[in-house]
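Asks: Got a structure for you, written out below as structure tokens; questions coming shortly.
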Amino acid sequence: MKVPINWLRDYVDIDIPVEELAERLTMAGLEVEAIEHIGANWDRDKVFVGQIIRVAPHPNADRLVLAEVDYGADRPLTVVTGAPNVKMYEGAMPDHPLKIAFATVGARLIDGHHDDGRLLKLKATKIRGIRSEGMVCSEKELGLSDEHEGILYLPDDAPVGMPLADYLGDAVLEFDIKGPFAHLHSVISIAREVAALTGKTYRRDVLTILDREPVQIVPQAPFLDLEIADPDLCPRYSAALIRGVKVGPSPFWMQQRLMRAGMRPINNIVDITNYVMLELGQPLHAFDYQLLRPRPGGDKPAIIVRRARPGERITTLDGIERDLDPEMLLITDGGGPVAIAGIMGGLESEVTEDTGDVLLESANFDFINNRRTAQMLRLSSEASARFGRRVDPELTVKALARAGQLMAELAGGSVEPVYGDLYPGRAEPRVITLDPAYVGWILGVEIPVDEMVRILESLEFQVKVHNRKSELEVTVPSYRLDVNIPVDLVEEIGRIWGYDRLPTTLIADELPPQRGNPALEGEERVRDVLVGCGLQEVITYSLGNLEAFARLDPAGERPDPDEYVRIANPLSSEREFMRRTLMSNLLETLRDNLRYAERVAIFEVGRVYLPREDEVLPDELRRLAIALTGPRTGRSWLGGDSGELDFYDLKGVVEALLARLGLDESCVFAPTEHPTFKPGRTAVLTVNGVEVGVMGEVHPLVCEAFEMEGRRVCLLEFDLEALLGQMPPTRFMRPISRFPAVIQDLAVVVDEDVPGRRVEEVITAAGGSLLREVFLFDLYRGEQIPPGKKSLAFSLTYQADDRTLTDQEVARVQARIVRRLERELGAQLRA
């Protein structure tokens, strides 16, 4: 939101530098994101308010004219210009004065031929033989807008000779106000905050017009048949009728204020509605009264506020026909929709140059429904931005009075002395009891009670002091919809008193005991290990669609929607369901990155969402997914083909992860089947007997479905809760022995169906404490091995912590291992 300082000064005196004001507002919670200084480059002795006193033809150029300009100096200056809105007065000056922005030689102006805002220093020059001693300026050259087709004309009362910086200069505060605070999205509210912060008088005359110029406010005005059919979505609807308006341009001062606030002037009627919205924070909408239709059999135009009906449509002011759903709130007349409530008006009833009577709408709408409608229609506006933050319902008639005042003054209209006003959502005033000691306890500083009262009253809270200032009874103003409990009042006192004034102190209490977060620590440990293995972490959408999920099954069967959590108002059909697996998103990410890299190794730690029967919220379970594809190593000057990443590379990453988590001695990889994976290249991982997840090489048909034909892709998904749940709470480190190790090889022949893991387990159990490492380094099937058998060769490392092992000790342990293999597995030593 942008607020010009000169507009702000209408309601509060400002006698501190703009930068200091911005700092104080920011410290009070109204973050000033930027300050735009309008006219900062207008030299006070070079750029003035001027007046064209004569326009003569150029003797050497048909498209140019000579303009003689009075700018308050001893003599006027002549400039050469080709501006069409100056040339039109060649030889025939108008009855009114032509006040302009005039720059003399040496002035710094924006180069109108470029869009980068560069400044040029004006020089005296001859144009087609005539010396030009200055420039009559366009809005672009002054930095006011991009308009450069003609020069800028100032109002007739602009004082000739005044530095333009004094007449037209300004500073604009750009706010970044977060949260549901519609009361801060208006000039009058910022003025209230400034008055509270600086102690200046807050001039709120624009809010009290009805106190000085009372009108009759009735549920049914004689000019309108008004009905709120859905009061849950429209707490209040007010309407006024202004007859006999003349549509035309709004005055210069209003156009300038609107542009500085970020809005484009259109015509006086629309500009007034926008002006009042920016000024008071209450959105308005103007209908052409003659285009509104009565109900069947009615004798006056009707306005009905209701939900849309199935199949109903409306063409909005931007010319787009929009489909509506039954939860969207409409403003309708006797013939159908004329506006989408709180968002945008309809094309059929818009104000045009032929409009004579205007029905002015000032209403209040449910903020949640308004935000939903704006999101569903992808239609945002200044009005919806305010309604979506909760607007004060008491503002409706005040805004009507202000807009009616301006339409009478600037459009020649006559305001009917009666308003139609339905107010089914009227709320009782909120009264909060505040203990001053509670304020000191929360803020940590003693603030005098009188100062608390001053601060609250400056923000228009009503305060009664009871029990010798030991208790305050505070009535909350209607515009503060966010204040409900005593701590809200403490926040108001604290921010206006000044957070920067709070003393710096050390905590007096003992620090609480620090406790670990095993779930978070384990998750971060997994990330660190995988990054150390050369993988990159990705974060994908938790939303998807059934078609993407179906691609994980080679059969391509569409999943059952009931097995997924469905979003009621998805942003698009591509993001309609919450995922049950990370695998589809990871494969899509893999595919997208293969456009830029030949080797991709990624992982994701994220949540999946599983519906729970008879429960509103789903289970949100943590998962780990890894995807690999491409060459095993990158390109090298050494050459050679390292081969593609395969199942065993993925298994190596998993084994490294398990080792770092202290689970390498309790894990088992077992063959399994899964529709996403290639048969014979799929395994299930169990840790301490608990199934953790599945891994393998992706089925070729699944790769094809994800547009990765012919690629070998490795993929896994683990239950991170189950994996981290098996981590030992304490890891014991084994000391490094200073005595030498003895390494022996052992080759045994076993049945084909005996897993190598089982052989390793038997060797480890038989080896005891002296056996430090078992490593399988060879698998052989061939002529020397009987059918149905295989040969496994292991490297065994023996070592003691307190001595050097003898050959006899090692031989005894090796013999024990061989006997155990023969007894339990029927193994035989290979000769």
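Asks: Rounded to a whole number of µm²/s, how large is the Stokes-Einstein D of region 625-674 at 10 °C and 1.306 mPa s, given Rh as the Kirkwood radius over C-alpha pairs?
Replies: Rounded, D is 121 µm²/s.
Asks: Based on Cα positions only, what radius of gyration and what Dmax would you give for region 153-249, in angstroms?
Replies: 20.4, 60
Asks: When every alpha-carbon pair in region 108-198 is counted, what percent end up more than 16 Å apart?
Replies: Values: 2928 of 4095 pairs.
Above the 16 Å cut-off, region 108-198 has 72 percent of its Cα pairs.
Asks: A further question on this structure: Residue farthest toward the positive end of the dipole of the chain, with Cβ of Lys/Arg at +1 and Asp/Glu at -1: which of Ala765, Pro265, Ile817?
Replies: Working it through, the farthest residue towards the positive pole turns out to be Ile817.
Asks: Return the ratio Rg/(2.2 N^0.38 Å) for region 678-804, where Rg is computed over Cα atoms only.
Replies: Values: Rg = 19.9 Å, N = 127, 2.2 N^0.38 = 13.9 Å.
Against the compact-globule rule of thumb, the ratio is 1.44.
Asks: Continuing with this model, one more query. Using the Cα gyration tensor of region 416-524, with a ≥ b ≥ c the square roots of its eigenvalues, what is the shape: rounded (a/c below 1.5), prolate (a/b larger than b/c) or oblate (neither)? Could you put the intermediate results ahead of the total?
Replies: Working: a/c = 2.89, a/b = 1.55, b/c = 1.86.
Because a/c hits 1.5 or more and a/b fails to exceed b/c, region 416-524 counts as oblate.
Asks: Also, quick follow-up: Divide the volume of the convex hull of the Cα atoms of region 587-729 by its number of residues and quote the answer in cubic angstrom per residue.
Replies: Working: hull volume 21.7 nm³, N = 143.
Roughly 152 Å³ of hull volume per residue.
Asks: Same structure again: Note down the relative contact order for the chain as a percent, whole number, built from C-alpha pairs under 8 angstrom at least six residues apart. Don't jump to the answer; show the numbers that get you there.
Replies: Details: 1617 pairs, mean separation 68.2, N = 831.
Across the chain, relative contact order equals 8 percent.
Asks: Sort region 62-165 into rounded, prolate or oblate with this rule: let a ≥ b ≥ c be the square roots of the eigenvalues of the Cα gyration tensor; rounded if a/c is under 1.5, and if a/c is not under 1.5, prolate when a/b is larger than b/c, oblate otherwise. Present the calculation step by step, with values, prior to reporting the outcome.
Replies: Working: a/c = 1.29, a/b = 1.17, b/c = 1.10.
Here region 62-165 falls in the rounded category.
Asks: While we're here: How long is the gain from Asp157 to Glu524 if the chain were fully straight, where each residue apart is worth 0.36 nm and the alpha carbon distance is subtracted? Don't jump to the answer; show the numbers that get you there.
Replies: Values: separation 367, 0.36 × 367 = 132.12 nm, distance 6.95 nm.
125.2 nm is the gain from fully extending Asp157 to Glu524.
Asks: As an exercise, identify the trypsin sites (Lys or Arg not before Pro) in region 445-492 lying in DSSP coil whose Cβ has no more than 13 other Cβ atoms within 10 Å.
Replies: Values: sites: Arg454, Lys464, Arg468, Lys469, Arg480; in loops: Arg468, Lys469, Arg480.
Counting only loop positions with at most 13 other Cβ atoms within 10 Å, the trypsin sites (Lys or Arg not before Pro) in region 445-492 are Arg468, Lys469.
Asks: Taking chymotrypsin sites (Phe, Trp or Tyr not before Pro) as candidate sites, keep only those in a DSSP loop with at most 13 other Cβ atoms within 10 Å, then name the longest stretch of the chain containing none of them. Don't skip to the answer; put the middle values down first.
Replies: Values: sites that count: Tyr541, Tyr596, Trp637, Phe732.
Value returned for the longest uninterrupted segment is 1-540.
Asks: Taking a ≥ b ≥ c as the square roots of the eigenvalues of the Cα gyration tensor of region 61-101, is the shape rounded (a/c under 1.5), prolate (a/b larger than b/c) or oblate? The partial results should precede the final answer.
Replies: Values: a/c = 2.13, a/b = 1.34, b/c = 1.59.
Judged from the Cα gyration tensor, region 61-101 comes out oblate (a/c at least 1.5, b/c at or above a/b).
Asks: I need the fraction of alpha carbon pairs in region 524-666 separated by more than 25 Å, rounded to a whole percent.
Replies: 40 percent
Asks: In degrees between 0 and 90, to the nearest 10, how far off the longest principal axis of the chain does helix 18-27 point, with axes built from Cα atoms?
Replies: 50 degrees
Asks: Keeping the other protein chains in place, figure out the carbon and sulfur percent of the accessible area of the chain, with a 1.4 Å probe. Kindly include the intermediate steps, with their values, before the conclusion.
Replies: Values: 20490 of 41670 Å².
Here carbon and sulfur together make up 49 percent of the probe-accessible area.
Asks: A 29 angstrom limit on the alpha carbon distance is what I want to check against. Which of Lys678/Lys789; Lys200/Lys464; Lys246/Lys398; Lys87/Lys126; Lys46/Lys200 exceed it?
Replies: On the way: Lys678/Lys789 26 Å; Lys200/Lys464 22 Å; Lys246/Lys398 23 Å; Lys87/Lys126 19 Å; Lys46/Lys200 35 Å.
Beyond 29 Å: Lys46/Lys200.
Asks: If you don't mind, there's one more thing I want to ask. Report the calculated FRET efficiency for Thr208 and Ala656 (r = Cβ-Cβ distance, R0 = 60 Å), to the nearest 0.05.
Replies: Working: r = 74 Å, r/R0 = 1.24.
Working from the Cβ atoms, E equals 0.20.
Asks: Another question, then. Rounded to the nearest whole Å², what accessible area per residue is found for region 652-691 with the 1.4 Å probe? Can you show the working numbers first?
Replies: On the way: 1990 Å² over 40 residues.
Here the residues of region 652-691 average 50 Å² of exposed surface.
Asks: Rounded to the nearest 5, what is the percent of antiparallel bridges among the DSSP beta bridges in the chain? Before the final figure, lay out the partial values.
Replies: Numbers: 139 of 148 bridges.
Beta bridges within the chain, antiparallel portion: roughly 95 percent.
Asks: For the residue pair Ala61 and Asp778, what label-to-label distance in nm results when each label sits 7 Å from Cα along the Cα-to-beta-carbon direction?
Replies: Taking the two extended label points, one gets 9.6 nm.
Asks: If Lys and Arg each add +1 and Asp and Glu each add -1, what is the summed charge of the other residues whose beta carbon sits under 14 Å from the beta carbon of Asp553? List each step's numbers first, then the result.
Replies: Working: positive: Arg551, Arg558, Arg580, Lys678; negative: Glu547, Glu557, Asp560, Glu563, Glu673, Glu704.
Counting the neighbours of Asp553, the net charge comes to -2.
Asks: So what is the relative contact order of region 260-404, in percent, for Cα pairs below 8 Å that sit 6 or more residues apart? Before the final figure, lay out the partial values.
Replies: Details: 263 pairs, mean separation 38.1, N = 145.
The value is 26 percent.
Asks: Mind pulling the per residue volume of the convex hull built on the Cα atoms of the chain? Å³ is fine. Could you put the intermediate results ahead of the total?
Replies: Working: hull volume 251.0 nm³, N = 831.
Per residue, the Cα convex hull of the chain comes to 302 Å³.
Asks: Zone of Arg635 (label point 7 Å along Cα→Cβ, backbone N under 19 Å): which residues in region 597-613?
Replies: Flagged as within label range: 597-601.
Asks: Please give the helix 187-198 orientation as an angle from the longest Cα principal axis of the chain, in degrees from 0 to 90, rounded to the nearest 10.
Replies: 80 degrees
Asks: Calculated from DSSP H runs of 4 or more alone, at -39500 (n - 2.57) each and per residue, what is the 222 nm mean residue ellipticity of the chain, nearest 500? Provide the component values of the computation, followed by the final result.
Replies: Working: 23 runs with 217 residues, N = 831.
Per the formula, -7500 deg cm²/dmol.
Asks: Report, to the nearest 10°, how far helix 583-593 tilts away from the longest principal axis of the Cα atoms in the chain, using its own Cα long axis and a range of 0 to 90°.
Replies: With both axes taken from Cα atoms, the answer is about 70 degrees.
Asks: Still on this structure, please answer the following. Mind checking region 329-391 for GluC sites (Glu not before Pro) that DSSP puts in a loop (not H, G, I, E or B) and that have at most 13 other Cβ atoms within 10 Å? Please report the intermediate quantities before stating the final value.
Replies: Working: sites: Glu348, Glu350, Glu353, Glu361, Glu382; in loops: Glu350, Glu353.
Within region 329-391, the qualifying GluC sites (Glu not before Pro) (loop, at most 13 other Cβ atoms within 10 Å) are Glu353.
Asks: Something else now. May I ask you to work out the translational diffusion coefficient for region 589-667 at 10 °C, viscosity 1.306 mPa s, via Stokes-Einstein with Rh from the Kirkwood sum over Cα pairs, reported in whole µm²/s?
Replies: Numbers: Rh = 15.7 Å.
My calculation gives 101 µm²/s for D.
Asks: Just to confirm the filter: which trypsin sites (Lys or Arg not before Pro) across region 103-185 are DSSP coil and have at most 15 other Cβ within 10 angstrom of their Cβ? Don't skip to the end; give the middle numbers.
Replies: Details: sites: Arg108, Arg118, Lys121, Lys123, Lys126, Arg128, Arg131, Lys140, Lys178; in loops: Arg118, Lys123, Arg128, Lys178.
Those satisfying the criteria are Arg118, Lys123, Arg128, Lys178.
Asks: Taking Cα pairs under 8 Å and at least six residues apart, what relative contact order does region 604-754 come out at, in percent? Mind showing how you got there, number by number?
Replies: On the way: 218 pairs, mean separation 33.0, N = 151.
Reported as a whole number, the value is 22 percent.
The values are calculated or read from the model by the stated rules, or taken from the named source; none is laboratory data. All values derive from a computational prediction rather than experimental measurement. Don't worry about glycine lacking a Cβ; one is built from the backbone with ideal geometry, like all the others, and counts go over all protein chains shown. Heads up: the accessible areas ignore ligands, DNA and RNA and are worked out on the full protein's heavy atoms, side chains in. Shrake-Rupley method; radii C 1.70, N 1.55, O 1.52, S 1.80 Å.
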